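Here is the structure we will look at, set down as structure tokens.
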Amino acid sequence: MSNSGGLHDEELKLVAEEHKKSQPLYWLFKWKYKHQSWLNSDAPVFLDFGDDYLYWIRKREQVSKPLIYVQVIKKKDFLAKYTA
């Protein structure tokens, strides 16, 4: 793939063709900076890997640099708290 980023790149043409054939619910893309996006989000970020738990990405400010950690939450507890 050339670095020009234009719509004439062969790889982009292939992606566009596949997109036209795909179901409207799912599209493939490459998310270059997902980790920075998660860490800079103003909203809580939960990851769901399909098991019985949610993984909450947490950030606590400290003097030198933020502490990044994951808090594990039972999915059923989360749903009980936030659904009617």
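Quick note: the coordinates plus some simple rules give every number you see, no bench work behind them. These numbers come from a predicted model, not from an experiment. Quick reminder, even Gly has a Cβ in these numbers, built from the backbone with ideal geometry, and neighbours come from all protein chains shown.
Miscellaneous remarks
- Given K13/K59; K34/K74; K32/K75; K59/K81, the pairs whose alpha carbons are separated by over 30 Å: K13/K59
- From phi via Karplus (6.51, -1.76, 1.60), per-residue ³J(HN,Hα) for segment 72-84 in Hz, x at Gly/Pro: 8, 10, 5, 4, 5, 5, 4, 5, 5, 6, 10, 10, 7
- Between amide H atoms placed 1.01 Å from N, distances below 5 Å from Y53 occur with K75, all of them 5 or more places distant or on a separate chain.
- Amide H to amide H, with H built 1.01 Å from N, V70 comes under 5 Å of R58, counting only residues 5 or more places away or on other chains.
- Label point distance in nm, I73-L47, each placed 7 Å from Cα along Cα→Cβ: 1.6
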